[in-house]
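Before I ask anything, here is the structure I am working with.
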Amino acid sequence: RVMLGQKVEKPSKTLFDLDYVGIKASQFSFSRLQGADPVLGVDMASTGEVGCLGDDTNEALLKSMLSVGHRIPKRSVLLSTGTPRQKADMLEAAQQLHKAGLKIYATEGTHRFLTENGVPAVRVYWPGDGADAHPQALDLLHRKIIDMVVNLPKNLSSAELSNGYKIRRAAIDLNIPLITNARLAATFIKAFTSLPLDDIEIKSWDEY
């Protein structure tokens, strides 16, 4: 109505009084693009989107993420959290994963950061660290030991891009949920660690 120039009454509610929340999740066809690096750029268009309503942010986000194919991890998560700022942004999410009883696997820098901050994690090695270094992240992915991958590229160095690409591509090819955005990863982890799936309400549109 605002765009059409029509008169609009100012809402009487604040953000704290919202009756419901709507969140739209995007879906990308990386599984069909063989060899493509599944990292999102600003100019990339999704192949589909699902908008969902929930009583609060956690419920709406879980509904939308599940609707585009993400699954809630049951056993473990692999964290590779990029820059120092991204590591700090993901610390609370890692604490929530540990509190929820999920095993955390982490690459070298992330493992060191989590250990220094009191979050237990198992160090895993990059494909480029050599065949003698164990456990290998790729091996854990192929053995379906890891349920979800959070991979945040740290820089554009050839080693970082090569190692990160192999992990991201393996997650897609093996149908393991992959998140490459720190804010989304932290919000998604908060949602599924604080709201059990059985507590999600299924309502018709006109109930909101």
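Within the accessible area of the chain, what % is carbon and sulfur when the probe is 1.4 Å and the other protein chains stay in place?
51
Which value, in Å² and to the nearest 10, is the accessible area of Glu207 when all protein chains are kept and the probe is 1.4 Å?
Approximately 110 Å² of Glu207 is accessible to the 1.4 Å probe.
Still on this model: Using just the helices of the chain, give the 222 nm mean residue ellipticity in deg cm²/dmol: DSSP H runs with n ≥ 4 each add -39,500 (n - 2.57), and the total is spread over all residues, rounded to 500.
-10500 deg cm²/dmol
Also: Would you mind calculating the gained length between Lys144 and Asn181 on full extension (0.36 nm times residue separation, minus the Cα-Cα distance), in nm to one decimal?
11.1 nm
I need the peptides 97-108, 16-27 ranked by packing, meaning the mean over residues of other C-beta atoms within 10 angstrom, with the highest value on top.
Per-residue Cβ counts within 10 Å, averaged per peptide and sorted highest first, yield 97-108, 16-27.
Shifting gears a bit: Would you mind calculating the gained length between Ala133 and Gln6 on full extension (0.36 nm times residue separation, minus the Cα-Cα distance), in nm to one decimal?
39.2 nm
Using a 10 Å cut-off on Cβ atoms, rank the peptides 171-179, 50-58 from the highest mean neighbour count down.
Final packing ranking: 171-179, 50-58.
Could you report the accessible area of Met65 in Å², rounded to 10, computed with a 1.4 Å probe on the protein chains as they sit in the structure?
Accessible area of Met65: about 10 Å².
How big is the antiparallel share of DSSP beta bridges in the chain, given as a percent to the nearest 5?
Antiparallel bridges make up about 35 percent of those DSSP assigns within the chain.
Charges only on Cβ, +1 for Lys and Arg, -1 for Asp and Glu: so what's the dipole of the chain about the Cα centre, in debye to the nearest 20?
340
For the pair Tyr20 and Arg75, what calculated FRET efficiency results from E = 1/(1 + (r/R0)^6), where r is the Cβ-Cβ distance and R0 = 25 Å, to the nearest 0.05?
FRET efficiency, Arg75 to Tyr20: 0.20.
Where only protein heavy atoms count, and the probe is 1.4 Å, what is the accessible area per residue for the chain in Å²?
60
A further question on this structure: Let me check I've understood the local charge: for Leu91, count other residues with C-beta under 13 angstrom from its C-beta, Lys and Arg +1, Asp and Glu -1. What total comes out?
Neighbourhood net charge equals +2.
The values are calculated or read from the model by the stated rules, or taken from the named source; none is laboratory data. Keep in mind the model is a prediction, meaning the values are calculated, not measured. Cβ sites come from the backbone with ideal geometry, for glycine too, and all protein chains shown count toward neighbours. Areas reflect the complete protein model, heavy atoms only, side chains present, ligands, DNA and RNA absent. Shrake-Rupley method; radii C 1.70, N 1.55, O 1.52, S 1.80 Å.
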